[in-house]
1. Can you give me the long-range amide H partners of ILE134? Hydrogens built in the peptide plane at 1.01 Å from N, cutoff under 5 Å, separation of 5 or more residues or another chain.
2. As a test of the formula, what do you get for the chain when each DSSP H run with n ≥ 4 contributes -39,500 (n - 2.57) and the sum is divided by the residue count, at 222 nm and rounded to the nearest 500 deg cm²/dmol?
3. Amide H to amide H, which residues 5 or more places from ASN116 or on other chains are under 5 Å from it, using H placed in the peptide plane?
4. Of the listed values (i) 18.7, 63; (ii) 16.2, 47; (iii) 15.2, 48, identify the label whose number matches Rg and Dmax of the Cα atoms in Å calculated from this model.
5. Show which aspartates and glutamates lie in cross-link reach of LYS39 when reach means a straight Cα distance below 16 angstrom and same-chain residues fewer than eight apart are skipped.
6. State the dimensionless ratio Rg/Rh of region 86-156 (Rg: radius of gyration of Cα atoms; Rh: Kirkwood radius).
7. For the chain, modelled as a Gaussian network with Cα springs under 10 Å, which listed residue fluctuates most, GLU142, GLU69, GLU27?
8. Say we join alpha carbon atoms closer than 10 Å with springs in a Gaussian network model of the chain; which of ARG95, ARG62, ARG71 then has the biggest fluctuation?
Amino acid sequence: MIIGLTGKNARLGRDHSRDTLIKLGTEMRENYGNSVLAKKINEKVMKLKKEGKKDFVIDSIRNPGEIKELRKNRGFILIGVHADTEIRFQRLLKRGRLGDARTFKEFKSHEARENNNEGAGQQLDKCLEMVDRIIESNGTPEEANDDLDSYISSLD
């Protein structure tokens, strides 16, 4: 089960563009602490566990405070997925999402802004330093999925 927090944007009448989601996440962390998003996720996880569900995937972890909160869950494993900058840019162009960069220069600027290493902002590099395992995604999605499956199987 994959859990996300995009519903608040819809309730506030905001679009789901990358910039809007970043601003909302930063705003929530500034107002309620760096672990606020993970606390909300943990609330959802606890509810789902009561319903008998047991395995969860949480994506888009962007701040070390979120990781610290999620590590409170028994059996939590943090997997980072990494791809080279040029490959990420090509995938972004192919995806064509609202608010995505149109040029490589703009893409690199967006990435720098998303990795500002400031308290309530996104701190992607710091998060990657905290992972239990990195999965390289420079090849096909199938290759990355195979690496992920192999890692998960090794945990059993």
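Readers should treat all values here as calculations from the given coordinates under stated rules, not as data from a laboratory. Note that the structure is a prediction, hence the values are computed from the model and not measured. In this analysis, Cβ positions are derived from the backbone assuming ideal geometry, glycine residues included, and neighbour counts consider all displayed protein chains.
1. Placed amide hydrogens put GLY80 under 5 Å from ILE134.
2. Numbers: 8 runs with 84 residues, N = 156.
Roughly -16000 deg cm²/dmol at 222 nm, from the helical runs in the chain.
3. Close amide H contacts, sequence-distant or interchain: GLN122, LEU124.
4. Step by step, Rg and Dmax of the Cα atoms in Å for this structure corresponds to label (ii).
5. GLU27, GLU30, ASP59, GLU66, GLU69
6. Numbers: Rg = 15.0 Å, Rh = 14.3 Å.
My calculation puts Rg/Rh at 1.04.
7. GLU142
8. Residue with maximal mean-square fluctuation among ARG95, ARG62, ARG71: ARG95.
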